[in-house]
Amino acid sequence: MLKDWVINPENGEFGDITSKKGMSRAGTFGNIRTVNNQLRPRYELPAGGWARLRLINVDLTRVYKIILESDHEIEATITAIDGNPIEHPRPFGREHIGPGMRMDLAVRVPDREGVDFRFKNTSSSKPWVMADFVSGKQTDLEVGRPRPTLKLNLIPVPQLKGAQKIKYRFDSGVGEGFAICGGVHEKLPTFWTINNIPWPEYAVVPPPLDILELGKSYIFELANHTPHSHPIHIHGMTFYVLKSNRREIDPFHTDTVLLRPDERVQAAFVADNPGNWMFHCHIIEHQVAGMMGHIQVV
């Protein structure tokens, strides 16, 4: 569980977790960085076996760029993304994990005791070690066995040929803002939009961005026109990331995709879940400052 905290070093009290300056940029970052609510924890794993490690970014803001570092060669493979096993597991490299995103790894622990490796975040000018691991004593685990495999989730397959394409533009915006729940407190500014529409200034649910037909296949083209990354999350559906204009994509299933600056991603899915579904940036400051809407499936 990856999370920053805003804590006053003088008295240990919590500080402000949001700011207008942060809202308008990448977000308000914490000054205390934890894994499982600990400062640089250390874990011992059985030598020679496989470990399944799940990275979960529960931070409000930070996009982690994680590497696995060691003086020894460590085999680490990505096996699932956002709870969805992937068809072609791939080596773990320098992985971008935004708020709300999850990633499962299969790590072969070295077959002798005392071998260290660690996760390091490289998203800032001063990288830091997040957590340490060390190979401990061997157990009755079968040493040297092949990497365990995960069964793929049963997800409806979109029909790409003839699927309706819908474009969404994630952009900056300017406005007076709104008060949460219609209260009389200071209004939050509007800094972000979807298709030039911010989450509204009034405290009612606005019209949906689009109305989708139940059981029909769609391709969403998600375009980031800002200088910041946005983890875009669609509730109610699992989608299939097809391609990007900025990087090579081996198609995979997910519920959140990290749009990098000036990136366009195509995501396909079957609208198999009726209802009104939130559609927003998972950086909470961006969400409450306008980058949120909803789609309706009927």
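The values are calculated or read from the model by the stated rules, or taken from the named source; none is laboratory data. Given the structure is predicted, the values throughout are model-derived calculations rather than measurements. Because the Cβ atoms are built from the backbone with ideal geometry, glycine has one as well, and the counts that use them run over all protein chains shown. When the accessible area is computed, the model is the full protein with side chains, heavy atoms only, and any ligands, DNA or RNA have been set aside. Shrake-Rupley method; radii C 1.70, N 1.55, O 1.52, S 1.80 Å.
Out of the strands (runs of 3 or more DSSP E) lying entirely within region 205-298, which hold 2 or more residues that are under 17 Å from the mean Cα position of the chain (by Cα)? Lay out the reasoning, then the answer.
Numbers: elements: 210-212, 217-224, 230-234, 239-244, 252-254, 256-259, 264-270, 275-281, 292-297.
Output list reads 217-224, 230-234, 239-244, 252-254, 256-259, 264-270, 275-281.
Of the residues 200, 158, which single one is within 20 Å of residue 257 (Cα to Cα), assigned to a loop (DSSP other than H, G, I, E, B), modelled with pLDDT of 65 or more and open to solvent by less than 50 Å² (accessible area, probe 1.4 Å)? Can you show your working first?
Details: 200 fails: within 20 Å of residue 257 (Cα to Cα).
On inspection, the qualifying residue turns out to be 158.
Report, ordered by the first and then the second residue, all pairs with beta carbons closer than 6 Å, sequence separation of six or more or different chains, a first member in region 88-112 that is under 29 Å from residue 124 (Cβ atoms), and a second member that is open to solvent by less than 20 Å² (accessible area, probe 1.4 Å) and aromatic (Phe, Trp, Tyr).
97/64
Every residue in region 87-109 that is over 14 Å from the mean Cα position of the chain (by Cα) and open to solvent by less than 20 Å² (accessible area, probe 1.4 Å), please. Walk me through how you get there before you give the answer.
Quick first cut of region 87-109, residues over 14 Å from the mean Cα position of the chain (by Cα) only: 87-94, 105-109.
Result: 105, 106, 107, 109.
Conditions first: (1) modelled with pLDDT under 95; (2) surrounded by fewer than 18 Cβ atoms within 10 Å (Cβ to Cβ); (3) in contact with a strand residue (DSSP E or B) (Cβ under 6 Å, 6 or more places away or on another chain). Residue 211 passes all but one, so which condition is the exception?
In the conditions (1) modelled with pLDDT under 95; (2) surrounded by fewer than 18 Cβ atoms within 10 Å (Cβ to Cβ); (3) in contact with a strand residue (DSSP E or B) (Cβ under 6 Å, 6 or more places away or on another chain), residue 211 misses (1) alone.
Test residue 146 against the stated conditions and say whether it is in a loop (DSSP other than H, G, I, E, B) and open to solvent by 50 Å² or more (accessible area, probe 1.4 Å). Steps first, answer last, please.
Details: in a loop (DSSP other than H, G, I, E, B): yes; open to solvent by 50 Å² or more (accessible area, probe 1.4 Å): yes.
Taking the combined requirement at face value, the residue satisfies it.
Among the residues of region 163-195 satisfying the criterion of being part of a loop (DSSP other than H, G, I, E, B) and modelled with pLDDT of 90 or more, which is surrounded by the most Cβ atoms within 10 Å (Cβ to Cβ)?
Start the filter on region 163-195 by keeping residues that are part of a loop (DSSP other than H, G, I, E, B), which leaves 163, 179, 183-187, 195.
Next, from what is left, pick out any that are modelled with pLDDT of 90 or more: 163, 195.
Numbers: 163: 16, 195: 14.
Going through the qualifying residues, I end up with 163.
Cβ-Cβ distance below 8 Å, separation of 6 or more or different chains: which pairs start in region 30-48 with a residue that is over 25 Å from residue 111 (Cβ atoms) and of a type in the set (A, V, I, L, M, F, W, C) and end on one that is open to solvent by 90 Å² or more (accessible area, probe 1.4 Å) and not in a loop (DSSP other than H, G, I, E, B)?
Matching pairs, first to second residue: 39/33.
Could you list, in sequence order, the residues of region 30-60 that are more than 21 Å from the chain's Cα centre (by Cα), part of a loop (DSSP other than H, G, I, E, B) and modelled with pLDDT under 95?
Result: 46, 47, 48, 49.
What's the number of the condition residue 7 fails, among (1) over 21 Å from residue 132 (Cβ atoms); (2) open to solvent by less than 60 Å² (accessible area, probe 1.4 Å); (3) touching a Leu at 6+ places or on another chain (Cβ under 9 Å)?
(3)
Collect the residues in region 33-59 that are open to solvent by 60 Å² or more (accessible area, probe 1.4 Å) and closer than 20 Å to residue 123 by Cα, keeping them in residue-number order.
So in region 33-59, the residues open to solvent by 60 Å² or more (accessible area, probe 1.4 Å) come out as 33, 36-40, 42-44, 52, 54.
Matches in region 33-59: 33, 36, 37, 38, 39, 40, 54.
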